[in-house]
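Inspection log for the structure reproduced underneath, given as structure tokens.
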Amino acid sequence: MNAFDVFASVNEVTKSLGSIRAQTLASDVFSSAQFDELHAEDESLCFVVLTRGDSNQLRRCLRSIPASCSVLVIDSGDAESLEGTELGRQVRSVRRSWTGNFAEARNFAREQLSGGWVMYVDDDEFLLPGHADRLVEATRILERHPQRDQLVGGVAVVDRTAGVTPFLPRLLRVGGALRWKGPIHEILVGTHDAPAIDIALDATIAHDGYESGHEERSQRNASIIDEWATDGESSGRMHLARAQELSSQASADARMEALTSALASGDLTNKEKLSAQLSLMVGLLLERGPFAVLTAVEQSPAFDFDLEVAEPGSLELTLLRARSFLLYVDTEFPAVRKSISKHLQAGAGDDPESDIDRRAFGMLVELTERMGEDATALKRLYGAEPTGQAR
């Protein structure tokens, strides 16, 4: 079982995320007279793919981008890395030495473009079917926004091991005021006069680059995080980044410990906090079962939050909690019903008026009905009133 299974399937995740995007293109500014008067200047979209030479992953990533879209590949891997990757489409490749800093790579890629919008995708990611087209359409609308140079388009990420990230900043205007910052798990920052404005987009990226077989990548990223920890950056973000690198089965406990530390730091943004809570809840569900999730939500300070429902991730977190409850019901109700049935059938209580038997029978019927089953046979078996033992 993995994080995809928690939500039944990737398609189910997509439906959930797509139906509850927090901040959509239906906001007031787009329906105002001011919006109607604006005219798009350049809503063209270029997909930037960062790669270090895995041609198989790159090929899959490119297949998820429509052939009509422009693609820029920033290659920091081997010189032959792009050979045989089926680049028979509108793709431009630029080589750049790896400096150990993802923000620098993303800013460099942006400098290679002359205008329009840029959407960043890594080679171990791929857009779900039809979602690239949604991004193309989004840029046509966002270009008309009076503060388009400050907009950050965030997509959802479904990870096979780490769960769901509700808002990952990836879309921005090439000539805008924002810049990437941070060596790894980087963020977009604006200026005092032009702060970043988040827009949650109805688009989802799938990611599975942290599965087994990518030890070198994980070790490289862990080294970056270790150096980052000495630079005075947010300790919460550092713990969160470390957790996202610990995705193997053997690292499950360490990952949940890192997520707990990130939440305890108190310096995460709302989006980062919700992302950590989602990942922690998925980990608890996979490793310790639904009861651990329900207990944590009720008792753990890590889940003590008070955020607006409009925050990207709030409704996803509620859905995951509800799914945990349903899974708990699916596993625990049958076990409890079986235990009660054994008690009654064994004739443990000789007194027909036994309060224990009466209550046990009532619970047996209630559990059966809550499981969606017909309790008529039980009532017939034990009689309308409990007798202490089966007839």
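Looking at the stretch 108-127, can you tell me whether even one residue there is assigned to a loop (DSSP other than H, G, I, E, B), touching a residue at least 60 places away in the same chain (Cβ under 8 Å), polar (S, T, N, Q) and farther than 23 Å from LEU58 by Cα? Spell out the reasoning first.
Here is the first cut: in the stretch 108-127, the ones assigned to a loop (DSSP other than H, G, I, E, B) are 112-116, 123-124.
Add one more test, that the residue is touching a residue at least 60 places away in the same chain (Cβ under 8 Å), and what stays is 113-116, 123-124.
If we keep only those that are polar (S, T, N, Q) as well, we get 114.
Remaining after also requiring farther than 23 Å from LEU58 by Cα: 114.
Yes: one or more hits.
Assess whether LEU268 counts as being in contact (Cβ under 8 Å) with a residue 12 or more places away in the chain and either in a helix (DSSP H, G or I) or buried (at least 23 other Cβ atoms within 10 Å of the Cβ) (or both). Outline the logic, then answer.
Values: in contact (Cβ under 8 Å) with a residue 12 or more places away in the chain: yes; either in a helix (DSSP H, G or I) or buried (at least 23 other Cβ atoms within 10 Å of the Cβ) (or both): no.
In short, no.
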So how many residues does the stretch 59-68 have that are modelled with pLDDT under 90 and either within 18 Å of VAL118 (Cβ to Cβ) or over 25 Å from the mean Cα position of the chain (by Cα) (or both)? 3
Quick check: anything in the stretch 103-113 more than 23 Å from GLY153 (Cα to Cα) and either in contact with a His (Cβ under 9 Å, 6 or more places away or on another chain) or at pLDDT 90 or above (or both)? no
Residue under question is VAL293, and the condition is that it be β-branched (Val, Ile, Thr) and buried (at least 18 other Cβ atoms within 10 Å of the Cβ); does it hold? yes
Residue match in the stretch 155-163 (condition: polar (S, T, N, Q), modelled with pLDDT under 90 and either assigned to a loop (DSSP other than H, G, I, E, B) or surrounded by 19 or more Cβ atoms within 10 Å (Cβ to Cβ) (or both)): yes
Look through the stretch 181-202, keep the residues that are part of a strand (DSSP E or B) and within 21 Å of the chain's Cα centre (by Cα), and return whichever of them is farthest from GLN150 (Cα to Cα). ASP202
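Within the stretch 298-306, identify whether any single residue is modelled with pLDDT of 75 or more, out of contact with any Ser or Thr (no Cβ under 6 Å at 6 or more places or on another chain) and surrounded by 14 or more Cβ atoms within 10 Å (Cβ to Cβ), and answer yes or no. Steps first, answer last, please.
The initial filter retains those residues of the stretch 298-306 that are modelled with pLDDT of 75 or more, namely 298-303.
So of that shortlist, the ones also out of contact with any Ser or Thr (no Cβ under 6 Å at 6 or more places or on another chain) come out as 298-301, 303.
The next check asks that each one be surrounded by 14 or more Cβ atoms within 10 Å (Cβ to Cβ); those that pass are 300, 303.
Within the stretch 298-306 (the criterion being modelled with pLDDT of 75 or more, out of contact with any Ser or Thr (no Cβ under 6 Å at 6 or more places or on another chain) and surrounded by 14 or more Cβ atoms within 10 Å (Cβ to Cβ)), the answer is yes, since at least one residue qualifies.
Sort through GLY213, GLY236 and tell me the only one that's part of a helix (DSSP H, G or I) and at pLDDT below 85. Lay out the reasoning, then the answer.
On the way: GLY213 fails: part of a helix (DSSP H, G or I).
The match here is GLY236.
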Scan the stretch 181-203 residue by residue and report those that are in contact (Cβ under 8 Å) with a residue 60 or more places away in the chain and closer than 20 Å to GLU143 by Cα. ASP198, ILE199, ALA200, LEU201, ASP202, ALA203
Given the conditions (1) modelled with pLDDT of 75 or more; (2) in a helix (DSSP H, G or I); (3) out of contact with any Gly (no Cβ under 9 Å at 6 or more places or on another chain), every one holds for GLU373 apart from (2)
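The values are calculated or read from the model by the stated rules, or taken from the named source; none is laboratory data. Predicted model only: the values in this text are computed from it and were never measured. Glycine gets a Cβ as well: all are built from the backbone with ideal geometry, and neighbour counts include every protein chain shown.
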